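A.B. asks: My questions will all concern the structure given below.
The values are calculated or read from the model by the stated rules, or taken from the named source; none is laboratory data. What you are looking at is a predicted structure, and each value in this text was computed from that prediction instead of being measured. In this analysis, Cβ positions are derived from the backbone assuming ideal geometry, glycine residues included, and neighbour counts consider all displayed protein chains.
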Amino acid sequence: MRKVILDLAVSLDGFIEGSNGEIDWCIMDDDMNFDGFLSNIDTIFYGRVSYDSWGNYQPDNNADASEKAFWQNIHSKKKYVFSSEIRNDENATFINSDIADKVADIKNQSGKDIWLYGGASLIQTFIQLNLIDVYRISVHPIALGTGKPLFENLTSRLNLELTQTNTFKSGVVQLIYEPLKD
């Protein structure tokens, strides 16, 4: 069965974005092998705001070839958008009800793993519904002081087991967890 993987950056003090939504503090090191991660997924789950911001993002014409190839790779994935908004979109399938059942159906389809991209409210929903199979949290060497926390409004404890750690030349430490089975 396919896995839903939450892969995202977090500041040392636990924020996934700054107080104005900024993510300019995120580091992409060559040794992070993000292309390797992308090669193991074929589907991306977005919230509507994240999809509207990044789901069809195109780098400007002056971007280097590697950035253009990166976004082409992202856009080659099947996209699902979880939103209360109903929209016909040729680049994505919108889901607005029965989230747990629809995620289970998608996970049971053949294919590679699924990247839970976010945003914050979608991540909270997936945590509450116990829909995340792997947490890949990359802790960046910066404290923001304020912003959008990763784990906000938890209704119960989230017990995780550390399965792997990776340290990168920038000082980013990636922690990979799986939920403990009850």
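A.B. asks: Where in region 64-166 are there helices (runs of 4 or more DSSP H), lying fully within it, with 2 or more residues that are within 24 Å of Gly21 (Cα to Cα)? Quick ask: steps written out before the conclusion?
C.D. replies: Details: elements: 65-75, 99-108, 120-128.
Per the criteria, 65-75, 120-128.
A.B. asks: Then there's this: Starting from residues that are touching a helix residue (DSSP H, G or I) at 6+ places or on another chain (Cβ under 9 Å), without any contact (Cβ under 8 Å) to a residue 60 or more places away in the chain and of a type outside the set (Lys, Arg), keep the ones in region 40-60 and report whichever is surrounded by the most Cβ atoms within 10 Å (Cβ to Cβ).
C.D. replies: Here the answer is Gly55.
A.B. asks: For region 131-158, which positions are modelled with pLDDT of 95 or more, closer than 30 Å to Ala104 by Cβ and either surrounded by fewer than 16 Cβ atoms within 10 Å (Cβ to Cβ) or of a type in the set (S, T, N, Q) (or both)?
C.D. replies: Passing the criteria: only Ser138.
A.B. asks: I would also like to ask the following. In region 140-161, what residues are touching a residue at least 40 places away in the same chain (Cβ under 8 Å) and either more than 29 Å from Ala100 (Cβ to Cβ) or among the charged types (D, E, K, R) (or both)?
C.D. replies: Residues of region 140-161 that are touching a residue at least 40 places away in the same chain (Cβ under 8 Å), as a first pass: 140-151.
Once the filter is applied, which keeps residues that are touching a residue at least 40 places away in the same chain (Cβ under 8 Å) and either more than 29 Å from Ala100 (Cβ to Cβ) or among the charged types (D, E, K, R) (or both), region 140-161 yields His140, Pro141, Ile142, Ala143, Leu144, Gly145, Thr146, Lys148.
A.B. asks: Here's another thing I want to ask about it. Taking region 39-72 on its own, how many of its residues are more than 26 Å from Asn96 (Cα to Cα) and out of contact with any Phe, Trp or Tyr (no Cβ under 7 Å at 6 or more places or on another chain)?
C.D. replies: Residues that pass the stated criteria total 14.
A.B. asks: Return the pair list, or none, for Cβ contacts closer than 9 Å from residues in region 18-32 that are among the β-branched types (Val, Ile, Thr) to residues that are in a loop (DSSP other than H, G, I, E, B), at least 6 apart or on different chains.
C.D. replies: Pairs that qualify, where the first residue is among the β-branched types (Val, Ile, Thr) and the partner is in a loop (DSSP other than H, G, I, E, B), are Ile27/Pro141; Ile27/Ile142; Ile27/Phe168; Ile27/Ser170; Ile27/Gly171; Ile27/Val172.
A.B. asks: Given the residues Phe37, Phe82, Phe70, Phe94, which is the only one that is touching a Gly at 6+ places or on another chain (Cβ under 8 Å) and of a type in the set (A, V, I, L, M, F, W, C)? Full working, then the answer.
C.D. replies: Details: Phe37 fails: touching a Gly at 6+ places or on another chain (Cβ under 8 Å); Phe70 fails: touching a Gly at 6+ places or on another chain (Cβ under 8 Å); Phe94 fails: touching a Gly at 6+ places or on another chain (Cβ under 8 Å).
Only one candidate passes the filter, namely Phe82.
A.B. asks: Still on this structure, please answer the following. Quick check on this structure: which one of Asp60, Asp89, Asp64, Asp113 is among the charged types (D, E, K, R) and under 26 Å from Leu154 (Cβ atoms)?
C.D. replies: On the way: Asp60 fails: under 26 Å from Leu154 (Cβ atoms); Asp89 fails: under 26 Å from Leu154 (Cβ atoms); Asp64 fails: under 26 Å from Leu154 (Cβ atoms).
Criteria check complete, one pass: Asp113.
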